[in-house]
1. I'm trying to understand the selection: among the residues of the stretch A:82-134, which are part of a helix (DSSP H, G or I) and among the acidic types (Asp, Glu)?
2. Can you tell me which of (1) within 16 Å of ligand 2 (Cβ to nearest atom); (2) open to solvent by 20 Å² or more (accessible area, probe 1.4 Å); (3) more than 14 Å from every other protein chain (Cβ to nearest Cβ) is the one B:GLU162 doesn't meet?
3. Please find, among B:GLY131, B:GLY125, B:GLY117, the residue that is closer than 19 Å to A:GLY144 by Cα and either of a type in the set (A, V, I, L, M, F, W, C) or in contact (Cβ under 8 Å) with a residue 12 or more places away in the chain (or both).
4. Out of all the residues in the stretch B:21-45, which are among the hydrophobic types (A, V, I, L, M, F, W, C) and away from ligand 1 (no atom under 13 Å from the Cβ)?
5. Quick check on my filter: what residues within the stretch B:17-48 are surrounded by fewer than 21 Cβ atoms within 10 Å (Cβ to Cβ) and farther than 22 Å from B:MET179 by Cα?
6. In the stretch B:34-66, what residues are within 13 Å of ligand 2 (Cβ to nearest atom) and either among the charged types (D, E, K, R) or closer than 21 Å to B:MET187 by Cα (or both)?
7. Suppose we filter the stretch A:144-166 for residues that are within 22 Å of A:PHE120 (Cβ to Cβ) and open to solvent by less than 10 Å² (accessible area, probe 1.4 Å); how many remain?
Amino acid sequence: MNYHWNWGVFLARTPSGESTYLGWLLQGLWWTVALSLAAWALALLLGTIFGVLRTVPGRWLPGLGAAYVELFRNVPLLVQLFSWYFVMPELLPRAWGDAIKQLDPMLQQFLAAWLCLGTFTAARVAEQVRAGIGSLPRGQRAAGLALGLTLPQTYRHVLLPMSFRIIVPPLTSEFLNVFKNSAVASTIGLIELSRQSQQLVDYTAQPYEAFIAVTLLYLLVNVVVMGGMRWVESRSRVPGFIGSK
Amino acid sequence: MIRFRDVSKWYGSFQVLDACNLEVNKGEVVVVCGPSGSGKSTLIKCANGLEPFQKGELTVDGISVGARGTNLPKLRARVGMVFQHFELFPHMSIRDNLALAQVKVLGRGRDEAVAKGLKLLDRVGLAAQAGKFPGQLSGGQQQRVAIARALAMDPICMLFDEPTSALDPEMINEVLEVMVELAREGMTMMCVTHEMGFAQKVAHRVVFMDQGRIVEDAPKAEFFGTPRSERAQLFLSKILHHV
Ligand SMILES: Nc1ncnc2c1ncn2[C@@H]1O[C@H](COP(=O)(O)OP(=O)(O)OP(=O)(O)O)[C@@H](O)[C@H]1O
Ligand SMILES: [Mg+2]
């Protein structure tokens with residue numbers, strides 16, 4: 001094979017000259033991380049709300065939670081992204097849609113990708129939250145209510161703190177998925193990590209270096225996330241608690 | 001204090017409670033017994049609105065439990081409840097288990113709530129365990145904490161749903177002792193239990209349930225002397241021989 005390895009390519013100037021190729025990659029990494037963290041925050045918030053809804057008494061609220069999960073879990077991610085990016089501004093009231101279209105293109109892409117990843121991941125988080133609450137002994141809810149706590153207070157102080165502890169491991173893998181899924185944002189032009197590596201290949205014709213570098217960067221992200229979640233897990237460990245039942 | 005008037009409840013088409021009448025007066029200890037599935041837990045959970053019922057009237061301290069406008073959390077805060085499986089909150093220390101509802105429901109200051117909790121822990125003989133977590137205590141200890149947690153709300157009456165039936169035999173007495181003491185202090189209590197020794201000691205009345213009906217409701221002496229229904233006699237002979 002006569003591939004010419006050239007690791008020095010990363011320090012070479014890009015055609016526009018204002019950055020190095022490594023700079024491109026780091027810029028991509030920055031957008032990937034920013035997008036993923038923002039999407040994760042949205043996913044935790046919405047996922048908790050809809051997961052809780054699925055477990056409250058009655059018919060309407062659990063139905064609403066179920067509908068959310070089905071909708072966002074069953075439509076392909078790419079279709080959801082295009083919907084947020086191309087369709088959503090058209091469906092909003094005229095003034096809002098126009099306001100969005102006047103945003104910096106980068107920001108438009110980020111906004112669409114953020115809503116897309118956040119709402120998509122929220123459906124998966126909701127399922128975990130529901131499972132976590134469902135795994136608690138039924139008497140926990142009764143015990144909270146019997147003390148005079150309202151249902152929201154019972155969720156806030158009794159059911160959710162324990163559920164979240166139980167679902168840290170599956171949430172970790174959902175968190176990692178957000179980073180992987182964030183690559184779809186490249187399809188609408190957001191210059192996140194995978195897109196920047198593709199650009200690197202196009203400009204430098206050094207695909208191996210580019211893909212190895214980008215793989216290492218994704219790996220680094222994984223290691224950091226897993227370390228972080230492990231820290232969360234150990235911080236929240238409940239003394240004397242074994243299993244979930 | 002607690003008054004059931006023709007209370008009926010259905011799960012779908014299955015009738016769990018069939019026109020139950022029962023009164024627990026202030027300072028009275030009423031023991032409810034009956035075979036498994038007879039509706040004892042359901043009955044006692046109706047008393048603080050944890051289970052809704054479809055027919056009849058149920059009042060606690062004059063307040064209707066089933067009425068639409070009733071502030072159930074407020075009512076429940078005044079009615080202590082102890083469960084078969086303790087139901088302490090596993091992620092909180094014993095101290096916080098005792099303080100949570102005092103702070104969130106009664107609006108007590110945290111220091112006051114903790115102090116009150118410690119006092120009650122001491123009363124059930126567990127003052128040294130305040131910093132531990134539920135999972136680090138034995139079943140009997142957890143149940144005593146659960147009783148203390150309910151007492152911390154200064155309840156006007158207490159509901160017990162088989163408080164000792166999930167315990168290893170050697171731990172039953174430590175819990176019963178706390179309950180006996182509570183009864184002797186004049187607490188109004190409704191206890192689902194098969195501990196007939198406890199009933200003999202402190203109950204004023206014993207109620208026997210079968211298939212959702214209250215088939216016997218008699219003063220203790222009468223109940224143990226000459227239970228009128230055949231079912232109750234059969235049931236009694238079974239559990240008394242068993243124990
Ligand atoms: N959520 C429910 N849905 C349908 N049926 C129920 C439900 N909860 C209880 N039941 C039924 O209602 C009946 C009474 O139940 P309950 O728990 O009150 O009995 P119990 O006397 O407390 O029995 P045990 O001694 O086993 O605790 C049982 O036949 C039970 O199967
Ligand atoms: Mg029961």
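1. Selection gives A:GLU90, A:ASP98, A:GLU127.
2. Among (1) within 16 Å of ligand 2 (Cβ to nearest atom); (2) open to solvent by 20 Å² or more (accessible area, probe 1.4 Å); (3) more than 14 Å from every other protein chain (Cβ to nearest Cβ), B:GLU162 violates only (3).
3. Working: B:GLY131 fails: closer than 19 Å to A:GLY144 by Cα; B:GLY125 fails: closer than 19 Å to A:GLY144 by Cα.
When all the criteria are applied, what remains is B:GLY117.
4. The first filter runs over the stretch B:21-45 and keeps only residues among the hydrophobic types (A, V, I, L, M, F, W, C), leaving B:22, B:24, B:29-33, B:43-44.
Correct list: B:LEU22, B:VAL24, B:VAL29, B:VAL30, B:VAL31.
5. B:ASP18, B:ALA19, B:ASN21, B:PRO35, B:SER36, B:GLY37 - these are the residues of the stretch B:17-48 that are surrounded by fewer than 21 Cβ atoms within 10 Å (Cβ to Cβ) and farther than 22 Å from B:MET179 by Cα.
6. B:LYS40, B:SER41, B:LEU43, B:ILE44, B:LYS45, B:CYS46, B:GLU51
7. 1
Residues checked against (1) among the polar types (S, T, N, Q); (2) surrounded by fewer than 17 Cβ atoms within 10 Å (Cβ to Cβ); (3) within 14 Å of chain A (Cβ to nearest Cβ):
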residue: B:LEU100; (1), (2), (3): no, no, yes
residue: B:VAL105; (1), (2), (3): no, no, yes
residue: B:GLU112; (1), (2), (3): no, yes, no
residue: B:LEU118; (1), (2), (3): no, no, no
residue: B:VAL124; (1), (2), (3): no, no, no
residue: B:ALA127; (1), (2), (3): no, yes, no
residue: B:GLY131; (1), (2), (3): no, yes, yes
residue: B:GLY135; (1), (2), (3): no, yes, yes
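The values are calculated or read from the model by the stated rules, or taken from the named source; none is laboratory data. What you see is a predicted model; the values in this text were computed from it and never measured. We place every Cβ from the backbone using ideal geometry, glycine too, and count neighbours over all the protein chains shown. Only protein heavy atoms, including side chains, enter the accessible area calculation; ligands, DNA and RNA are left aside. Shrake-Rupley method; radii C 1.70, N 1.55, O 1.52, S 1.80 Å.
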